[in-house]
Amino acid sequence: MGIFRSISSFLKKEEKYPYKPLRNEQTNLPAFFNNRKIDDIIGFDAVETNLKDYELFNFGENFVLYFENEISEESDSFIRDNYTVLREQFFNNGRAFFYLPILLENIDFEILPALQSTFPFLSDHITNSIIDALKIDKFDYDSILSDFIQFIDYKGTISKGCISKNCGFSIVEQKIEESTEFFFKGYIENLSYENPNKGVRFYCLKDKSERSEIEEKQTIESLNTINNEIERLRQSGQLAILAPKIYEFLKKNIDGIVYNKTYPMVITEDFKIIIPNCNNLEIKLSHFTKAIYLLFLLNHEPIDLNDLHLHKDRLLSIYKQVSNQNSYDKIKETVEELLKADSEAIYVHFSRIKKAFLTNFSEYKAFAYYITGEKGKPKEILFDRSEVTFNCSLK
């Protein structure tokens, strides 16, 4: 059927960019970029790599990744000491910031709880050895960076700096003689939502280039084709018969769309987490995981996990309301198990929450919804609470 082909091509159309040579132009750029290499990859056909298999490296759109071919003590120390601040500064400028060594060290955020729950009889020494072996085998810095460089099809000579992505990739060099602090200060100060020079891609969150105009025209043409097909079916009397199938087709495909904006959230009377602007998208979580999420959502301040026991009564109350469990003793037992001093179970719930949002939103936007916080630091939800409507009474 023509209507299904039209809708399918509209919903599943892949972006294709013409490949352009690496650029090193300095025209009309702020002083920070004078005599600094800027290599711009307008587009590419991505090379298949092992990165796509690991959620940890699914950076999404609008990210900035700092890299060095060989990690220096100076840059490593600065980034580690200021990682939370850097993440916030980039976030405020429309970017998600990543640093591979820290990501690699936090792989056990995903792996360790799973190992402990699956193989409870293993000692900490053995589980840590397994994790170390996995890191060495699959997640060493050199191979991951090499894989990423291959993935973006970069053939330039910049060996240290920031890689950014929104509509293509840009690599901005950190000069040999400058400190990492100076480099980040200048780089962040010169990030912009507008694009004064169309060739420099790290500026263009709101791309007003010719490519955007072409895409908008193609979208309108696709919609017109769909409208024409529907009108043809209506006139032939077939629309009434096909409407249910068209509805199911659309519902199935729209549910798979990854959203690239944050939208207001509603907690319904029966405690569903709904994003109304996204086709009434429901973020589905198990009862206890949802209770933990709602605890953090109700708490406007970060929660130190060492002090999580101080929130026991409130978590009990939320879980009792959210759960369909009739036995209060079992509810209490579940909460107490989570709050044991040696328990790592909370990280399993964090991982499930993160996955639920990443399934529906790009990493850049999902980051605002799920529970975040550096290793050993308090955890929080960054989402603006004024954008959350509670249609239920949570105590």
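Annotations
- Evaluation of S179 against (1) closer than 30 Å to P30 by Cβ; (2) buried (at least 16 other Cβ atoms within 10 Å of the Cβ); (3) at pLDDT 75 or above; (4) among the polar types (S, T, N, Q) (one fails), failing number: (2)
- Residue identified as without any contact (Cβ under 8 Å) to a residue 40 or more places away in the chain, within 17 Å of V388 (Cα to Cα) and polar (S, T, N, Q) among N326, N306, N280: N280
- Exactly one residue among V64, V85 is modelled with pLDDT of 90 or more and of a type in the set (V, I, T), and that residue is V85.
- The set of residues in the range 283-303 being among the charged types (D, E, K, R) and touching a residue at least 40 places away in the same chain (Cβ under 8 Å) consists of K284, E301.
- Checked against the criterion of being at pLDDT below 90 and not hydroxyl-bearing (S, T, Y), the candidates N306, N280, N299 yield just one match: N280.
- Single residue of K354, K379, K375, K340 found to be surrounded by 20 or more Cβ atoms within 10 Å (Cβ to Cβ) and basic (K, R): K354
- Extreme residue, modelled with the highest pLDDT, among residues of the range 251-269 that are out of contact with any Asp or Glu (no Cβ under 8 Å at 6 or more places or on another chain) and under 15 Å from A356 (Cα atoms): Y259
- Hits in the range 354-373 - residues which are under 15 Å from L308 (Cβ atoms) and modelled with pLDDT of 90 or more: I371
The values are calculated or read from the model by the stated rules, or taken from the named source; none is laboratory data. Just so you know, these numbers come straight off a predicted model, no measurement behind them. Note that each Cβ is placed from the backbone with ideal geometry, even for glycine, and that neighbours are counted across all protein chains shown.
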